[in-house]
Amino acid sequence: MENRKVELKKEVVLTAKRALKEGMVAGTSGNISVFLEDLNAMAITPSGYDYTIMEENDVVVISLDGAVLEGHLKPSSEWKLHAEIYKNLPHVKSVVHTHSPFATSFAVLHKEIPVVLIEMVPFLKGSIEVSPYAKQGSSDVGANAVPILERKNACLMANHGVVAVGETLGQAYINSIYVEDAAKIYHMALTVGTPVVLTEDQW
C-alpha cells in the first residue's frame, strides 16, 4: 500500500500542475484528491499552496473526518467537499474541483448546461446540473453535490466552480475537461443563436 500511496500522491501533484497549465484553475484555487481505500482516507492538495512548486511530500493525507495522518501543510480548505463525496459515493475514487472559467460562469448564473455535444453522454452522463449554493469549506458543499453525482460524473456548484469525479484521477480530470469544453461551446453557441439540444432518443 505504501508504494501505491506514493504513486497516487505523485499523480495528484502532476494533475494539479496540469490543471494550472491548462487554465482549469487560477492561482491556488481548486483542489484534487484521491481516495486511499486501505486507510479510509484521502490524499489531497494542500491549502493555498503554489502549484508550480508543489511536490509529492506537500500532498496531505487526511481521514474522512479531517484528522491529518501525513503531511506538513494544511489540507485544502475544501476537504469536506471531497470527504462528503467519498463517504456517500463508494464508486468514486477521485475528486477534481476546478474553477475553469466558462463552466464557472454558468455556475454563477445557476444555469444548467444541456446536452449539446454527444460526448457529454458517455463522459458526463448527460447534462451538467447545478448543485445548490453552500458556504465555501462547509460539508454542505459536498452534501449538495452528492445527489447529482450519484447520477452524473460532474456538476456545477452554484457560485463556486466545478466538481468532477471518477474511478481514477485520470477519469475525474478528463471529466472536468469535458465540462469546460461543453461550457465553452455552449457559451459560444449562445452568442450567435439558439443552441439545438440533443434529446434522449438521439443519444
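The values are calculated or read from the model by the stated rules, or taken from the named source; none is laboratory data. This is a predicted model, so every value here is computed, not measured. Backbone-built Cβ (ideal geometry, glycine too); neighbour counts: all protein chains shown. Protein only, heavy atoms only, side chains kept; ligands, DNA and RNA dropped before computing areas. Shrake-Rupley method; radii C 1.70, N 1.55, O 1.52, S 1.80 Å.
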Cα-based Kirkwood hydrodynamic radius, region 1-80, one decimal, Å: 12.4
Projected label distance in nm at Ile174 and Lys17, using a 7 Å step from Cα toward the beta-carbon: 2.2
Added length on full extension, which subtracts the Cα-Cα distance from 0.36 nm per residue, Asp38 to Lys74: 10.8 nm
Largest to smallest accessible area among Ser105, Ser176 [probe 1.4 Å]: Ser105, Ser176
Per-residue [θ]222 nm for the chain (sum of -39500 (n - 2.57) over DSSP H runs n ≥ 4, rounded to 500): -12500 deg cm²/dmol
Nitroxide proxy distance, nm - points 7 Å out along Cα→Cβ at Gln136 and Val192: 3.5
Isotropically averaged projected area of region 1-153, using the convex hull of Cα atoms (one quarter of hull area), nm²: 8.8
Order by protection proxy (mean Cβ within 10 Å, highest first), peptides 159-167, 113-121: 159-167, 113-121
For the chain, accessible area per residue (1.4 Å probe, heavy atoms of protein chains only), Å²: 46
Efficiency of FRET from Cβ geometry, Lys125 and Val6, R₀ 35 Å, rounded to 0.05: 0.65
Sequence-separation-based contact order of the chain, relative, with Cα cut under 8 Å and 6+ spacing, percent: 20
Full-stretch length increase - Glu200, Ile185 - with 0.36 nm per residue and alpha-carbon distance subtracted: 3.4 nm
The chain - percent of accessible surface contributed by carbon and sulfur, probe 1.4 Å: 53
